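Everything on this sheet refers to the single structure shown next.
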Amino acid sequence: MTLNRPDKLNAFNRSMALELQDQLLACEENDDVRAVVLTGSGRAFSSGQDLTELPPGSLPDFEKAIDENYNPIIRLLKTIRKPVLCAVNGVAAGAGANIALACDIVVAVSSAQFVQAFSKIGLIPDCGGTFFLPRLIGLQKATALMMLGDKISAAEAERMGMIYACFEESEFPDKVTRIAQTLAKLPTTALILTRKALLESSTNNLEQQLELEKKFQDKAGHTRDFAEGVTAFLQKRLPVFTGR
Ligand code: T3D
């Protein structure tokens, strides 16, 4: 899935936000889709909200805009029953940065940059950024990046644990394809239960998390993919998972 407004550095206007929601829903409903890759066209991943789309002179209704445009994207990214790989192909700013961080695995090309641009225009970070970033890199680093609005290189983002990996330009497309293909061949239900367990761990105590793992393991253990995984292991062959 490619954010495709390159002349605006793939800034989000309402129609791109709604289209992304539609496309995520379409992937959810399509059994042939076993993994989603989100990237951008041109030199940016996304520069966040299209600042030219805010109505001049009038006070924008941010609650409505966030309710309708952005929050559904983040909820979909966290509930879609397919793993989502974000391939950050260039600068990711504001909502663009935080939509990336809401994906399951984030990789970036070495020339990419991450900017919590919100404070520079008098806004607060949204799209779940205040939830995900401190959990990824710690409260102190997250606070500083969000208050100061520093541009972080992809290499630095990898070092901090903000993203999984940073790749040189020449190897980026191949690495993205390989990770996506790997995700598409894995036991999908187990991956989605893993995401859910990790997400719930932010609010659960250990006892609650142990109970949740027990429940989710039972679900995973009743999939055809589990049977296939064990059979393949015992037969010393590669498993063929179907996502069922
Ligand atoms: O409304 C709501 O629902 C609230 C939600 C808000 C969520 C948000 O995302 S708020 C944050 C919005 N985003 C920003 O504040 C980022 C603004 N952009 C930048 O800081 C920089 O452009 C970048 C760091 C992303 C990239 O810098 P650089 O030097 O590589 O490029 P540039 O020269 O600044 O930008 C190139 C062009 O893209 C330029 O247009 P021009 O001069 O060539 O005609 C620039 O104006 C345009 N552009 C960049 N970002 C946006 C944009 N146009 C509209 N909206 C943008 N966000």
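Of all residues in the stretch 1-27, those satisfying the criterion of being more than 9 Å from the ligand (Cβ to nearest atom), surrounded by 14 or more Cβ atoms within 10 Å (Cβ to Cβ) and part of a helix (DSSP H, G or I) are Pro6, Met16, Leu18, Glu19, Leu20, Gln21, Gln23, Leu24, Cys27. Checking the stated criteria, Thr188 turns out to be among the hydroxyl-bearing types (Ser, Thr, Tyr), closer than 17 Å to Val37 by Cβ and crowded, with 16+ Cβ neighbours inside 10 Å.
Residue under question is Glu53, and the condition is that it be in contact (Cβ under 8 Å) with a residue 12 or more places away in the chain and open to solvent by 40 Å² or more (accessible area, probe 1.4 Å); does it hold? For Glu53, the condition - in contact (Cβ under 8 Å) with a residue 12 or more places away in the chain and open to solvent by 40 Å² or more (accessible area, probe 1.4 Å) - is met. Would you say Val84 is away from the ligand (no atom under 13 Å from the Cβ) and either modelled with pLDDT under 95 or farther than 19 Å from Phe132 by Cβ (or both)? Taking the combined requirement at face value, the residue does not satisfy it.
For the stretch 136-161, filtering for residues that are at negative phi, in contact with a strand residue (DSSP E or B) (Cβ under 8 Å, 6 or more places away or on another chain) and either within 16 Å of the ligand (Cβ to nearest atom) or at pLDDT below 95 (or both) leaves 7.
Within the stretch 111-133, being free of Cβ contacts under 8 Å to residues at least 60 places away in the same chain and open to solvent by 30 Å² or more (accessible area, probe 1.4 Å) holds for Ser111, Gln113, Ser119, Lys120, Gly122, Leu123, Ile124, Thr130. How many residues does the stretch 43-70 hold that are more than 10 Å from the ligand (Cβ to nearest atom) and either at pLDDT 95 or above or touching a Pro at 6+ places or on another chain (Cβ under 8 Å) (or both)? The total comes to 0. Screening the candidates Thr242, Thr231 for the property of being assigned to a helix (DSSP H, G or I) and out of contact with any Leu (no Cβ under 9 Å at 6 or more places or on another chain) yields one hit, Thr231. Taking the criterion of being touching a Lys or Arg at 6+ places or on another chain (Cβ under 8 Å) and aliphatic (A, V, I, L, M), the residues of the stretch 32-77 that qualify are Val33, Ala35, Val36, Ala65.
If you go through the stretch 10-46 and pick out every residue that is in contact with a Gly (Cβ under 6 Å, 6 or more places away or on another chain) and hydroxyl-bearing (Ser, Thr, Tyr), you end up with 1. Filtered by the rule that a residue be surrounded by fewer than 12 Cβ atoms within 10 Å (Cβ to Cβ) and part of a helix (DSSP H, G or I), the stretch 28-50 gives a lone residue, Glu29. Remark: pairs (first residue in the stretch 67-78, more than 13 Å from Cys103 (Cβ to Cβ) and touching a residue at least 12 places away in the same chain (Cβ under 8 Å); second residue among the charged types (D, E, K, R) and assigned to a helix (DSSP H, G or I); Cβ separation under 8 Å; 6+ apart in sequence or on different chains) = Glu68/Arg14; Asn69/Arg14.
Considered as a group, the residues in the stretch 71-81 that are open to solvent by 10 Å² or more (accessible area, probe 1.4 Å) and aliphatic (A, V, I, L, M) include one that is nearest to the ligand (Cβ to nearest atom), and that residue is Ile74.
For the stretch 93-107, check the following and say yes or no: at least one residue is part of a helix (DSSP H, G or I), at negative phi, open to solvent by 10 Å² or more (accessible area, probe 1.4 Å) and within 11 Å of the ligand (Cβ to nearest atom). No, because not a single residue in the stretch 93-107 is part of a helix (DSSP H, G or I), at negative phi, open to solvent by 10 Å² or more (accessible area, probe 1.4 Å) and within 11 Å of the ligand (Cβ to nearest atom). Number of residues in the stretch 130-160 that are in a helix (DSSP H, G or I), of a type in the set (Asp, Glu) and more than 18 Å from the chain's Cα centre (by Cα) equals 1. Against the test of being closer than 19 Å to Asn4 by Cα, touching a helix residue (DSSP H, G or I) at 6+ places or on another chain (Cβ under 6 Å) and within 16 Å of the ligand (Cβ to nearest atom), the options Phe114, Phe132 yield a single qualifying residue, Phe114.
The values are calculated or read from the model by the stated rules, or taken from the named source; none is laboratory data. Note that this is a predicted model, so its numbers are computed, not measured. All Cβ positions, even for glycine, are placed from backbone atoms using ideal geometry, and neighbour counts span all protein chains on display. Surface areas here come from the heavy atoms of the whole protein model, side chains and all, with no ligands, DNA or RNA. Shrake-Rupley method; radii C 1.70, N 1.55, O 1.52, S 1.80 Å.
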